[in-house]
Every structure is written in structure tokens, then in C-alpha cells.
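Down below is the structure, laid out as C-alpha cells.
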Amino acid sequence: MRMYLSSFRTGDQPGRLLELIDHPASAVDVALIVNAMDALPAGERRAAVEGELVALTGLGLRPVEIDLRAFFDQPADRVAAVLSGFPLVWVRGGNVFVLRQALARSGADTTLADLVRRDAIVYAGYSAGACVLGPDLHGLEQCDDPQAVRTAYGDEARWDGLALLDYIVVPHIDSPGHPESEILGLVAERYRAEGTAHQPLRDGQALVIRDHQTSIC
């Protein structure tokens, strides 16, 4: 299992992401998933896509957006056939509940879980892209509005995570430059009080997982 889970954007040490890839960076196509932004106006979402394309291209990668909405309510093997062709997936932040529903409606949730567990893909991303990997999304509604799922897709929010991690990543902690830092600090305090397993990250940091080894860079 290989993961690079950043608090914000590519983090301070994106070279650690490149080290997880089995191929030279110049030869790597990246599946870019930006569906956490689907509740926003089209122009804002488009700008988010462009920002990620620029950032990943700057690392020497070749990002290709995979819009999960194209696979909604289709047989799961369709999204599986596409995602399995990439050695790396990059999942942008945004609203974690919108992202979770997009993963479920497209079948990408089970596909990515299978690919990651078989070490057939590197899972990377930031903020909501990391939060969605935990066992549960309760508590994150203090930051992300579950009603955004209805805005985006007309659906009710799901509260289960992908359970690829047995704890919840809490990004933007002690990051005064980020507008969600204060509220996520309260989320982390709630988790501590409740005994909920979680991993706080400040902006610039990333959680790097390879096999059974986990580190923060």
C-alpha cells in the first residue's frame, strides 16, 4: 500500500510522492479526481481543475482529469477499467461528503480500495482526498456541509469513509493561512475528547505510507 496524503496541495516535500512511483516521473500519467468541487459553480470547478493540472505538471507528471460523474450509475467495471490504467491517482480537496458520494455513485470507491490494497496504484491527494480514507466521516460536518451533496447530485450524504485507514486525517491544523484551520482545530479537539483515532496535519505536511511504514514529512 502506497499513499501520499497532504494537508494542502502537494505539501513541502513533493519529492516524497515521486519516490512512491515505480516509474520515472516523466513517464507517469496521473488520474486527477476533482469531484470534491462538484457543488461549486462550473467556473470555480474549472479553475480548480486547471490549478491541479498546473501543479502536477510542474512535478513532471502527466495529469488527466477523470470526472467520476461520467461513470455514475454505470457498471463498476467501467471506472475500474479506466483507473486501473494509471499508476497514480491524485484526489483534490474540497467537500468530503461530495467526494464520498461521487466515489460511491461511480464505483470508484471499491475500485480504488482494491487497487490500493493490491499495491497496484499510488493513492495521493490532499484535504478531503485524505479525509475520505478514514472509517467514518462524522465530525467533519463541522467543516464541510453534508447538504452540498444534494446541491451537487440531489442525493443524501453518506457518512462512511473508504476505511483504507483506521483513523481520520484532520488537515489544516495550526495553519493560520488557511480559512478552515480554526474549525478543524475544533474537530481535532472533539476527536481527542471522544477518543476517536485521528491524525492531525498542518499545511506543508504530508502522511507518507509505504507497506506497513508510516511517516510524516
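The values are calculated or read from the model by the stated rules, or taken from the named source; none is laboratory data. Remember, it's a predicted structure, so these values are computed and weren't measured experimentally. All Cβ positions, even for glycine, are placed from backbone atoms using ideal geometry, and neighbour counts span all protein chains on display. Areas reflect the complete protein model, heavy atoms only, side chains present, ligands, DNA and RNA absent. Shrake-Rupley method; radii C 1.70, N 1.55, O 1.52, S 1.80 Å.
Would you mind stating whether ASP166 is more than 24 Å from ARG69 (Cβ to Cβ) and assigned to a loop (DSSP other than H, G, I, E, B)?
It is true that ASP166 is more than 24 Å from ARG69 (Cβ to Cβ) and assigned to a loop (DSSP other than H, G, I, E, B).
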So which residues in region 65-93 are part of a loop (DSSP other than H, G, I, E, B), open to solvent by 60 Å² or more (accessible area, probe 1.4 Å) and not small (Gly, Ala, Ser), if there are any at all? ASP73, GLN74, PRO75
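Looking at region 43-64 only, could you name the residues that are under 19 Å from SER106 (Cβ atoms) and open to solvent by 40 Å² or more (accessible area, probe 1.4 Å)?
Of everything in region 43-64, just one residue is under 19 Å from SER106 (Cβ atoms) and open to solvent by 40 Å² or more (accessible area, probe 1.4 Å), namely VAL64.
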Counting residues that are touching a strand residue (DSSP E or B) at 6+ places or on another chain (Cβ under 9 Å), which helices (runs of 4 or more DSSP H) fully inside region 95-158 reach at least 2? 96-106, 108-117, 128-131
State the number of residues belonging to region 155-192 that are more than 21 Å from ALA102 (Cα to Cα), in contact (Cβ under 8 Å) with a residue 60 or more places away in the chain and out of contact with any helix residue (DSSP H, G or I) (no Cβ under 7 Å at 6 or more places or on another chain). 1
Residue count for region 166-186, restricted to those that are farther than 12 Å from ALA128 by Cβ and either of a type outside the set (D, E, K, R) or within 19 Å of the chain's Cα centre (by Cα) (or both): 12
Looking only at region 172-215, which residues are surrounded by fewer than 16 Cβ atoms within 10 Å (Cβ to Cβ), among the aliphatic types (A, V, I, L, M) and farther than 16 Å from CYS143 by Cβ? ALA193, ALA197
Would it be correct to say that ALA157 is touching a Phe, Trp or Tyr at 6+ places or on another chain (Cβ under 6 Å) and either open to solvent by 60 Å² or more (accessible area, probe 1.4 Å) or farther than 20 Å from ARG9 by Cβ (or both)? yes
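Whether any residue in region 18-35 is small (Gly, Ala, Ser), open to solvent by less than 50 Å² (accessible area, probe 1.4 Å) and in a loop (DSSP other than H, G, I, E, B) is what I want to check.
no
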